[in-house]
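See structure below.
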Amino acid sequence: MKLELSNLSCGYGPRSVVRDVSVSVEQGEVLCLLGPNGSGKTTLFKTILGLLKPLRGSIFLDGQDITVWSRRKIAKAMGYIPQAHNAPFPYAVLDVVLMGRTSHLGAFASPSRADVGVALDAIATLGISHLRDRAYTEISGGERQLVLIARALAQQPQILVMDEPTSNLDFGNQLLVLSHVQQMARRGLTIVMASHFPDHAFLYASKVLLVNRGVAAGIGPPMEVVTEESIRDLYGVDVKLLSAFVDGSEVRVCVPLRCHKTDTARSVPHAMIPIPEPDQVTVR
């Protein structure tokens with residue numbers, strides 16, 4: 001399913017947070033949003049998901065304007081994975097994943113055997129069948145994130161919206177979650193995700209949207225859009241992009257050099273310790 005944003009502006013009441021964003025994401029593509037805190041990424045996600053009404057512009061799924069759709073209809077088309085989730089009760093993992101079937105149930109209906117089967121399939125897809133009877137509150141952060149992805153898959157959506165899915169995860173779990181993101185895209189899901197790490201865009205995204213102060217500062221393939229200059233503009237950090245060739249394919253990594261941000265409360269520069277600038281590196 002193709003997602004298209006056309007001159008989309010969104011915000012709260014009369015206050016615009018994101019302005020005039022136009023981008024399309026084809027089926028099976030991964031769009032990565034990069035931008036500093038407060039740039040409007042989460043507000044944009046809420047609008048795409050129908051939780052906020054657009055101030056201007058349109059959102060299309062396969063040519064249909066979804067701004068007039070009901071939330072139930074949107075929930076059948078799009079799954080959402082938040083940054084983090086703390087369950088107030090120790091639900092079993094299977095029960096958490098079954099919550100993804102809500103949009104397919106009537107007002108007072110209970111999950112059927114077919115719904116349980118969909119949930120079990122989603123759990124198996126993520127390789128976490130061994131957790132199905134564990135309490136969600138007693139598993140690790142990385143495991144919880146995989147459970148949330150399984151819950152979203154149980155909705156059987158065609159688009160996944162992921163708000164910083166690797167936040168608060170260690171390096172290994174970041175790679176685990178992102179590898180599943182890549183696999184889901186290969187199966188035909190359209191994925192929109194936010195990240196603070198340019199390396200994630202290089203490794204897993206087919207397209208990047210740079211968001212700075214509520215404005216689209218760049219849209220296109222990661223190799224073209226994510227540059228040393230654009231990262232400096234977004235985050236106030238000098239970086240060096242290094243190219244490595246692994247198994248015949250070019251991979252880029254981002255190495256920080258110097259931060260130019262200031263502490264506005266004290267008006268004193270911080271993080272100004274330079275890191276020795278690396279030379280261009282090629283690995284074969």
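Any read-out appearing in this document is the output of simple, stated calculations on the displayed coordinates, not a laboratory observation. Worth saying up front: this structure is predicted, and the values here are computed from it rather than measured. Positions of Cβ are backbone-derived with ideal geometry, glycine not excepted, and every protein chain shown enters the neighbour counts.
With contributions of -39500 (n - 2.57) from each DSSP H run of at least four residues, the per-residue ellipticity at 222 nm computed over the chain stands at -8500 deg cm²/dmol. Under 22 Å of direct C-alpha separation, and excluding same-chain neighbours fewer than eight residues apart, Lys73 reaches these lysines: Lys2, Lys46, Lys53.
Every Cα-Cα pair in the chain was counted, and those over 29 Å apart are 39% of them. In plain terms, the residue of His180, His130 with the fewest other Cβ atoms within 10 Å comes first and the most crowded comes last, giving His130, His180.
For helix 113-125, what angle does its Cα long axis make with the longest principal axis of the chain, in degrees from 0 to 90 and rounded to 10? It works out to around 30 degrees.
For Lys41, a cut-off of 14 angstrom between C-alpha atoms picks up these aspartates and glutamates, skipping any fewer than 8 places away in its own chain: Asp20, Asp163, Glu164.
Contact order for the chain, expressed relative to its length and based on alpha carbon pairs under 8 Å spaced 6+ residues apart, stands at 21 percent.
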